[in-house]
Amino acid sequence: MNDNNGETVIDLFELLSAFVKKIWVVVILTVVGASIALAYTLFLVTPLYKSSALLYVNNSDISLGNTSFSLTTGDLSASKSLVDTYSVILKSRTVINKVIELSGTNYTYDQMKNMVEASSVNNTQIFSITVTSSDPKEAEMLANLYATVLPETITEIVNGNSVKIVDYAVVAAKRSSPSYTKNTAIGALFGFVVAAAIVVISFLRDDIIHSEDYLTKTYPNIPLLTVVPDLINTRSNGYGYYRAPINKSSSTIRTASSSFTIDSDQKSPFVVEAKDTTDGDNNG
């Protein structure tokens with residue numbers, strides 16, 4: 001990251017290098033996110049099941065109150081409007097309360113209303129009644145009760161029309177939600193985004209000069225005089241590395257006026273201690 005004239009310039013290659021160096025952070029947070037999402041889905045989310053019954057609408061001259069109209073098989077728009085009308089009737093208190101009574105369940109009107117939905121099948125004269133429940137057998141029972149109660153109610157309200165059952169609902173063989181794969185993928189993606197944000201923020205906040213390339217790129221008009229090697233953290237085969245003497249004892253280097261002791265027990269690559277030997281030599 002360079003800062004020229006008050007503007008921050010991000011080097012994409014340096015940012016990619018930071019991602020590579022911190023790839024372990026990305027992998028760990030991605031796995032953690034996926035694991036948390038999967039555990040949440042397995043143990044805290046209630047699986048739901050859907051069962052659907054199919055009904056056929058016999059299009060003929062229909063009168064609804066003081067309004068009468070005629071439907072044809074090819075009139076898809078009118079068929080869609082008819083399904084919308086039946087959906088309203090399906091969720092009326094008359095139908096839902098009767099289904100609650102016949103089923104012997106303890107659901108309220110609002111709860112049962114949220115469990116059922118109706119939709120047209122490919123804009124045809126056939127529409128489906130779908131019930132969602134945490135119990136697959138309960139979903140099948142309620143869907144078949146709706147399929148029985150709704151035609152009777154529609155016949156009483158809408159004259160000149162008949163609704164017949166095409167297919168009864170069956171017990172669902174597998175859950176409709178949640179999706180373990182989808183939720184795990186979302187968790188992994190969330191973990192990856194968090195890891196990427198951490199890497200980017202740490203990269204932008206890093207104000208340490210790591211190499212001479214940064215100086216030459218940022219200040220091209222200023223010559224680089226010298227580079228001091230890191231003698232402590234340099235690898236054994238790297239530039240500037242110094243290996244201390246192998247023996248445990250200290251090694252002494254004597255000169256004409258002083259001696260230098262190299263202590264191999266020090267943690268740093270080498271420690272040089274100067275000792276004045278002038279007096280000793282004179283006394284000798």
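The values are calculated or read from the model by the stated rules, or taken from the named source; none is laboratory data. Because the structure is predicted, anything quoted here is derived from the model rather than measured. Here the Cβ positions follow ideal geometry from the backbone for every residue, glycine too, while neighbour counts run over all protein chains shown.
List every residue pair whose Cβ atoms lie under 7 Å apart, where the two residues are 6 or more positions apart in sequence or sit on different chains, the first residue falls within the stretch 88-105 and is closer than 20 Å to residue 128 by Cβ, and the second residue, located anywhere, is of a type in the set (Gly, Ala, Ser) and buried (at least 18 other Cβ atoms within 10 Å of the Cβ).
90/118
For the subset of the stretch 34-90 comprising residues that are aromatic (Phe, Trp, Tyr) and more than 36 Å from the chain's Cα centre (by Cα), which member is modelled with the lowest pLDDT?
Among them, the one singled out is 69.
This table checks each residue for (1) at pLDDT 95 or above; (2) farther than 24 Å from residue 136 by Cα; (3) not in a helix (DSSP H, G or I).
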site: 163; (1), (2), (3): no, yes, yes
site: 174; (1), (2), (3): no, no, yes
site: 188; (1), (2), (3): yes, yes, no
site: 191; (1), (2), (3): yes, yes, no
site: 194; (1), (2), (3): yes, yes, no
site: 197; (1), (2), (3): no, yes, no
site: 204; (1), (2), (3): no, yes, no
site: 207; (1), (2), (3): no, yes, yes
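Any residue in the stretch 146-161 that is part of a strand (DSSP E or B) and charged (D, E, K, R)?
Within the stretch 146-161 (the criterion being part of a strand (DSSP E or B) and charged (D, E, K, R)), the answer is no, since none of the residues qualifies.
Are any residues in the stretch 104-147 of a type in the set (Gly, Ala, Ser) and surrounded by fewer than 16 Cβ atoms within 10 Å (Cβ to Cβ), and if so, which ones?
Once the filter is applied, which keeps residues that are of a type in the set (Gly, Ala, Ser) and surrounded by fewer than 16 Cβ atoms within 10 Å (Cβ to Cβ), the stretch 104-147 yields 104, 119, 134.
Quick check on residue 219: is it hydroxyl-bearing (Ser, Thr, Tyr), modelled with pLDDT of 85 or more and over 28 Å from residue 35 (Cβ atoms)? Explain how you work it out, then say what you get.
Values: hydroxyl-bearing (Ser, Thr, Tyr): yes; modelled with pLDDT of 85 or more: no; over 28 Å from residue 35 (Cβ atoms): yes.
No.
When you check residue 214 against the structure, is it modelled with pLDDT under 90, part of a helix (DSSP H, G or I) and either among the hydroxyl-bearing types (Ser, Thr, Tyr) or under 30 Å from residue 10 (Cβ atoms) (or both), yes or no?
Details: modelled with pLDDT under 90: yes; part of a helix (DSSP H, G or I): yes; either among the hydroxyl-bearing types (Ser, Thr, Tyr) or under 30 Å from residue 10 (Cβ atoms) (or both): yes.
Criteria met by residue 214.
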